[in-house]
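A short write-up of the structure that comes next.
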Amino acid sequence: MILTKAQYDEIAQCLVSVLPTRQSLRKLKQRFPSQSQATLLSIFSQEYQKHIKRTHAKHHTPEAIESYYQRYRNGVGRNGAAPVLLELANEVDYAPSLMARIILERFLQEHEETPPSKSVINSMLRNPSQIPDGVLANQVYQCIVNDCCYGPLVDCIKHAIGHEHEVLLRDLLLEKNLSFLDEDQLRAKGYEKTPDFILQVPVAVEGRIIHWIESKASFGDECSHHAYLHNQFWSYWNRDIPDIIAKCSWPCCTSIPSNGS
């Protein structure tokens, strides 16, 4: 199903005042029943990430961090079983997983002799049982499982979806008897730029010549398309690709987006 720019703008505008919760996603589905859950979630996630990038700095000032930490301590002091950290994140409009990172890092700074490393923080966020405080471990866990845009759980889901789409794409290329080199094969040959698949014999799709395929397995808005073009796609133009493609006279910077892109 093709999503028009007008439809995208309508959904994005609706998201301005929506909290990043599963309850909000259900309401969004009711508002736009013709759109798939995956499409709405992708747009929701991308718009929320833009918001977080715009407001990230204000949540990381020393004053803000200390204020959040003291509010967390006071909250769990009154009721350690209440979702204090999750409610705090929603109140100040910050991603729960990112709020959990702030509080966890501040806690470890207070209780450890040396500042915690990034790898230690990441490990504890992936597995909250490693956190040396049971109450905080539970608070962090609540944030992780209730965050639909950030955090280790979301990262695992994105990785799994990306891998699934690569497998589906590989199967489709094999089904069509197309000769190709995948990312691992290109890397083994020493190529610096490695799209997911390079076709050893280009094919025509809807009037365009396709030389390589990069599957992002995510929804692509104008901003993300521009970023992909600038950071990755333009670097494939006649550079670091097999001679059969580099010497071809056809244009050779076309990708096929995955479903939902």
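Straight-line cross-link reach from LYS5 at under 24 Å between alpha-carbon atoms covers these lysines, not counting any fewer than eight positions away in the same chain: LYS27, LYS29, LYS50, LYS53, LYS216. Size of region 2-143 from its Cα atoms: along the principal axes, largest to smallest, the extents are 55, 28, 25 Å. Extension gain, SER129 to LYS193: 0.36 nm times the residue separation minus the Cα-Cα distance gives 19.1 nm. Net charge dipole, region 153-228: roughly 220 debye, given to the nearest 20, about the Cα centre with Cβ charges of +1 for Lys and Arg and -1 for Asp and Glu. Could you let me know the centre-to-centre spacing of region 19-74 and region 86-117, using Cα atoms, in angstrom? Taking the Cα centre of region 86-117 as reference, the centre of region 19-74 is 16 Å away.
Bear in mind that the values in this text are calculations on the coordinates, not laboratory data. As the structure is a computational prediction, the values presented were derived from the model and not from experiment. Reconstructed Cβ throughout: ideal geometry from the backbone, glycine too, with neighbour counts over all protein chains shown.
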